[in-house]
């Protein structure tokens, strides 16, 4: 009797996981939407900086090599206490399309990133805004062109992709990139279905009109994170948002992510998750719960009768390999799925540890 209950429960959770992945496939296997051929629209590239004196000059020199014919670089210096401002001002003499927004600390907005970005938006000359940060760099000189191609009369928010820097012969790096790929599959799929919830300010574009329509970050100004995700919560609709999946639209992180940094990011993500819309929280939680139950029941059923469990397990991994592999190819992350079963088991175990850790001590808000 107990085995029967466990088996049918296993069938149900396996079916739920397969349905999720099949729904993702509607995005993964769909051809890229036709975009405007006009790449000449003027763009304000807003770059957030804080104490980046060591890497700033090289970054700006690389950014100025973009082939877009009409763009300005709005450098938002958020109360840096090193020589960042001096370097920006020197670069401004060399590159006339640089605009400096120097944000000083105030009692009301002390070191507030969203306040600084708001001043950057207000200072921007053009209607179209493209956000990025020094932690990433464009992989193509046509990056601005490619992102702006996605704008149209209907699409005023463009969600770009940020790759994680690859480190060869590093299992932890492979694990982080697989986790990033898995999260991207969900985020891009939901956005495609008209329910966007996740974006990074390392590669995100939208219009000034959209920003001021929701009063910018006013609804979450006090939270020192989530400028991308929570802006989408306020501004994105099932009609105005599009995702960019062409290689020239990608950016890549400039440094390797350590395990400590990744673990802290996961803890902080729980804060943002608690602020998502109810439908997003339900869908994301249900996906994680069903995946956890799949592995627990897979172990139990396999231990009792592996011949019954094996067909379901094979079906699950076969569908997952096909769908995840397709998107991994599209996002140039093919090598991340080589150890898929092992990576996913590791992530499930780590998510349990992170959940327990969050119950013991809540992560502090970042600045």
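The values are calculated or read from the model by the stated rules, or taken from the named source; none is laboratory data. As the structure is a prediction and not an experimental result, all values here were calculated from the model. FYI the Cβ positions are ideal-geometry reconstructions off the backbone, even for glycines, and counts take in every protein chain you see.
Tabulated values for the structure
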quantity	calculated
Every residue from the range 212-231 that is under 19 Å from residue 243 (Cβ atoms) and touching a helix residue (DSSP H, G or I) at 6+ places or on another chain (Cβ under 7 Å)	226, 227, 229, 230
Test: residue in the range 95-104 that is under 21 Å from the mean Cα position of the chain (by Cα) and at pLDDT 95 or above	no
Members of the range 60-83 found to be crowded, with 20+ Cβ neighbours inside 10 Å and closer than 25 Å to residue 139 by Cβ, listed by number	60, 63, 68, 71, 73, 74, 75, 76
Residue 352 vs. criteria surrounded by fewer than 17 Cβ atoms within 10 Å (Cβ to Cβ) and either more than 30 Å from residue 247 (Cα to Cα) or not assigned by TED's automatic domain parsing to the domain that holds residue 179 (or both)	yes
Any hit, the range 251-271, residues being within 23 Å of residue 27 (Cβ to Cβ) and in contact with a helix residue (DSSP H, G or I) (Cβ under 6 Å, 6 or more places away or on another chain)	no
Index of the failed condition, residue 271 passing every other in (1) outside the structural domain of residue 341 (by TED's automatic domain parsing); (2) surrounded by fewer than 17 Cβ atoms within 10 Å (Cβ to Cβ)	(2)
Qualifying positions in the range 226-255 - in a helix (DSSP H, G or I) and either touching a strand residue (DSSP E or B) at 6+ places or on another chain (Cβ under 9 Å) or without any contact (Cβ under 8 Å) to a residue 60 or more places away in the chain (or both)	229, 230, 231, 232, 233, 234, 235, 248, 249
Residue in the range 286-307 that is in a loop (DSSP other than H, G, I, E, B) and in the same structural domain as residue 16 (by TED's automatic domain parsing) present	no
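Here is a yes/no grid of residues against (1) closer than 25 Å to residue 70 by Cβ; (2) modelled with pLDDT of 85 or more; (3) more than 25 Å from the chain's Cα centre (by Cα):
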residue	(1), (2), (3)
1	no, no, yes
8	no, yes, yes
15	no, yes, yes
18	no, yes, no
21	no, yes, no
27	no, no, no
30	no, no, no
40	yes, no, yes
44	yes, yes, no
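Table: residues versus (1) loosely packed, with under 15 Cβ neighbours inside 10 Å; (2) touching a residue at least 40 places away in the same chain (Cβ under 8 Å); (3) farther than 19 Å from residue 64 by Cα.
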residue: 102; (1), (2), (3): no, no, yes
residue: 105; (1), (2), (3): yes, no, yes
residue: 113; (1), (2), (3): no, yes, yes
residue: 125; (1), (2), (3): yes, yes, no
residue: 131; (1), (2), (3): no, yes, no
residue: 142; (1), (2), (3): no, yes, no
residue: 148; (1), (2), (3): no, yes, no
residue: 163; (1), (2), (3): no, yes, yes
residue: 168; (1), (2), (3): yes, no, yes
